[in-house]
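Student: Below is a structure I'd like to ask you about.
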Amino acid sequence: ELQALPHKKHTAVINIRGPILTATNNSADNIIKGLNKAFDDPNTAGVVVRINSPGGSPVQAGQVYDEMVRLRQKFPNMPFFAALEDLCASGGYYIAAAAPFIYADKATLVGSIGVILQGFGFQETLNKLGMESRLLSSGKNKAFLNPFAPLDPSEKAHAQQMLDKIHLQFVEAVRKGRGERLKTWKTELFEGLMWTGEEAVEL
């Protein structure tokens, strides 16, 4: 969300409020349009990305991260900040990590560096109700993680390795974005925990 820019020197503010998802106000397309409009305006004296988000799509967040890195290189003298409000978690922090400077309130919730895939298993429920699944598929793995069948260990392992790869992309983005600012490189920093803004600054 970026409102019309004034025709005089100003600070441009791009607001990211809520989940970061495709086809929403917080899609990568919309955020990137706002960023480019802000940076390309000759009257922009500085850019603030204001974030209050629980996260969302790693693809959308990753695209915004990449564009922020590109704009930092294209406009190296432009003051550029991320300002965190109540919550900056997961994909929200993925985006914030690309800013050269991050500011947070002492009570802001920050972090949740991780990736999640949720689902349910209903096989026993169907059995108790006297029902059966009649799902048909044309490929061995087309019914991947079918909630009406027992969890297949090979499917679980494949899903886990996908999550691990996406998680590693997130971790590398944080490491590159924060660089020497990180006080520790211990793995617990990247395992899904959140901290207060005060603690996050220390870390």
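Student: To the nearest 20 debye, what charge dipole does the chain have about its Cα centre, counting +1 at the Cβ of each Lys and Arg and -1 at the Cβ of each Asp and Glu?
Tutor: Dipole size: approximately 500 debye.
Student: Could you go through segment 195-203 in sequence order and give the Karplus-derived ³J(HN,Hα) for each residue, using 6.51 cos²θ - 1.76 cosθ + 1.60 with θ = phi - 60°, rounded to whole Hz, and x for Gly and Pro?
Tutor: With coefficients 6.51, -1.76 and 1.60, one gets 9, 6, x, 4, 5, 4, 4, 5, 6 Hz.
Student: Okay, moving on. Mind ordering 114-124, 89-99 by average Cβ neighbours within 10 Å, highest first?
Tutor: The packing order, highest mean first, is 89-99, 114-124.
Student: Once neighbouring chains are kept in place and the probe is 1.4 Å, which whole percent of the accessible area of the chain is contributed by carbon and sulfur?
Tutor: 56
Student: So, one more: Direction-averaged shadow area of the convex hull around the Cα atoms of segment 69-203, nm²?
Tutor: So the mean shadow area of the Cα hull is 12.0 nm².
Student: Right, something else. Tell me which aspartates and glutamates have Cα within less than 16 Å of LYS8's Cα, excluding those fewer than 8 residues away on the same chain?
Tutor: Of all the aspartates and glutamates, those that pass the test against LYS8 - Cα under 16 Å, at least 8 places apart if same chain - are ASP40, ASP41.
Student: Moving to a separate point now. Along the charge dipole of segment 16-158, which of ASN30, ALA97, SER137 sits closest to the positive end, that is, farthest toward it, with unit charges on the beta carbon of Lys, Arg, Asp and Glu (+1, +1, -1, -1)?
Tutor: The listed residue farthest towards the positive side: SER137.
Student: I would also like to ask the following. How much net charge surrounds LYS140 when only other residues with a Cβ under 15 Å from its Cβ are counted (Lys, Arg +1; Asp, Glu -1)?
Tutor: -1
Student: If you don't mind, another one. If packing is taken as the average count of other Cβ atoms within 10 Å, what order do 157-167, 78-88 fall into, highest mean first?
Tutor: 78-88, 157-167
Student: Sticking with this one: Skipping prolines and chain starts, which residues have an amide H placed within reach, meaning under 5 Å, of the one on ALA104, given they are 5 or more residues away or on another chain?
Tutor: Long-range HN contacts for ALA104: LEU84.
Student: Still on this structure, please answer the following. Taking a probe of 1.4 Å, how large is the accessible area per residue of the chain, in Å²?
Tutor: Averaged over the residues of the chain, the accessible area is 61 Å².
Student: Projecting each Cα onto the charge dipole of segment 36-94 (Lys/Arg +1, Asp/Glu -1 at the beta carbon, about the Cα centre), which of PHE81, LEU71, VAL48 comes out farthest on the positive side?
Tutor: LEU71
Student: Moving to a separate point now. What residue among ARG50, ARG134, ARG178 has the largest mean-square fluctuation in a Gaussian network model of the chain, using Cα springs under 10 Å?
Tutor: In the Gaussian network model the winner is ARG134.
Student: If I take the Cα coordinates of segment 8-57 and project them onto the principal axes, what are the three extents in Å, biggest first?
Tutor: That works out to 34, 18, 11 Å along the principal axes.
The values are calculated or read from the model by the stated rules, or taken from the named source; none is laboratory data. These numbers come from a predicted model, not from an experiment. Counting neighbours? That spans all protein chains shown, and the Cβs are built from the backbone with ideal geometry, glycine included. These area figures cover heavy atoms from the full protein model, side chains too; ligands, DNA and RNA do not enter into them. Shrake-Rupley method; radii C 1.70, N 1.55, O 1.52, S 1.80 Å.
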